[in-house]
Amino acid sequence: MSKTNDADSRTLTLERVFNAPISLAWEAWTNPEHLAQWWGPEGMETKVNKHDFRVGGEWEYAMTMPDGQVFMAEGVYTEIVEFEKICSTANFKPMTEGVEIQAYFEAKGEQTKFTFKCVHETEAYCKQQEEMGFYNGWGSVFNRLADFLKSKM
């Protein structure tokens with residue numbers, strides 16, 4: 001199997017078009033005050049503990065469920081191309097660890113085409129994460145992002 005096919009078999013992808021210009025979509029991902037407003041599935045409250053937005057910089061967010069349970073999200077930025085992509089290692093403790101997340105941005109007039117990829121270490125782990133609700137969880141996160149962007153327009 002080629003490396004491309006191997007990566008494809010370990011990757012879950014979500015695509016959205018946001019009704020916001022790319023500059024605003026980018027700012028929502030890069031400004032910690034904005035991130036705290038939408039990061040995490042519906043019902044979670046997010047506190048940004050670290051946000052060193054540069055290649056090699058660390059990020060860490062504490063996400064609190066309505067029942068008080070706290071989940072930690074952390075990683076290290078591995079690639080940043082302004083208005084194009086943000087790549088990072090990621091751990092979402094205790095559910096998902098050792099993944100890479102990739103956020104791609106493409107201007108479409110006053111809209112932004114957004115592609116989100118989560119690359120897992122193995123195909124089996126990828127399948128497990130999909131079955132645990134990857135699309136519902138991240139879909140909820142990006143619904144919150146869409147609402148946040150709408151509120152800033």
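Bear in mind that the values in this text are calculations on the coordinates, not laboratory data. It should be emphasised that the depicted structure is a prediction, and the values quoted were computed from it without experimental measurement. Quick reminder, even Gly has a Cβ in these numbers, built from the backbone with ideal geometry, and neighbours come from all protein chains shown.
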Quiz item: Among (1) assigned to a strand (DSSP E or B); (2) of a type in the set (Val, Ile, Thr); (3) without any contact (Cβ under 8 Å) to a residue 60 or more places away in the chain; (4) out of contact with any Gly (no Cβ under 6 Å at 6 or more places or on another chain), where does Val17 come up short?
Solution: (3)
Self-check item: Among residues of the stretch 89-136, those that are of a type in the set (D, E, K, R), free of Cβ contacts under 8 Å to residues at least 60 places away in the same chain and assigned to a strand (DSSP E or B), counted
Solution: 3
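The rows are residues; the columns are (1) more than 20 Å from Val17 (Cβ to Cβ); (2) buried (at least 17 other Cβ atoms within 10 Å of the Cβ).
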position: Ala107; (1), (2): no, no
position: Val119; (1), (2): yes, yes
position: Thr122; (1), (2): yes, no
position: Cys126; (1), (2): yes, yes
Practice problem: Can you confirm whether the stretch 67-75 contains a residue that is surrounded by 14 or more Cβ atoms within 10 Å (Cβ to Cβ) and closer than 19 Å to Gly133 by Cα? | Solution: yes
Exercise. Please work out which one of (1) assigned to a strand (DSSP E or B); (2) touching a Phe, Trp or Tyr at 6+ places or on another chain (Cβ under 6 Å) is the condition Trp26 fails and give its number.
Key: (1)
Quiz item: Does Tyr61 satisfy being touching a residue at least 24 places away in the same chain (Cβ under 8 Å), farther than 19 Å from Gly139 by Cα, of a type in the set (Ser, Thr, Tyr) and part of a strand (DSSP E or B)?
Solution: no
Quiz item: Gly43 versus (1) surrounded by fewer than 19 Cβ atoms within 10 Å (Cβ to Cβ); (2) without any contact (Cβ under 8 Å) to a residue 40 or more places away in the chain; (3) closer than 20 Å to Gly137 by Cα; (4) in contact with a Ser or Thr (Cβ under 8 Å, 6 or more places away or on another chain): which is the lone unmet condition?
Solution: (4)
Exercise. Looking at (1) of a type in the set (Gly, Ala, Ser); (2) more than 17 Å from the chain's Cα centre (by Cα); (3) crowded, with 18+ Cβ neighbours inside 10 Å, find the lone condition where Ser151 falls short.
Key: (3)
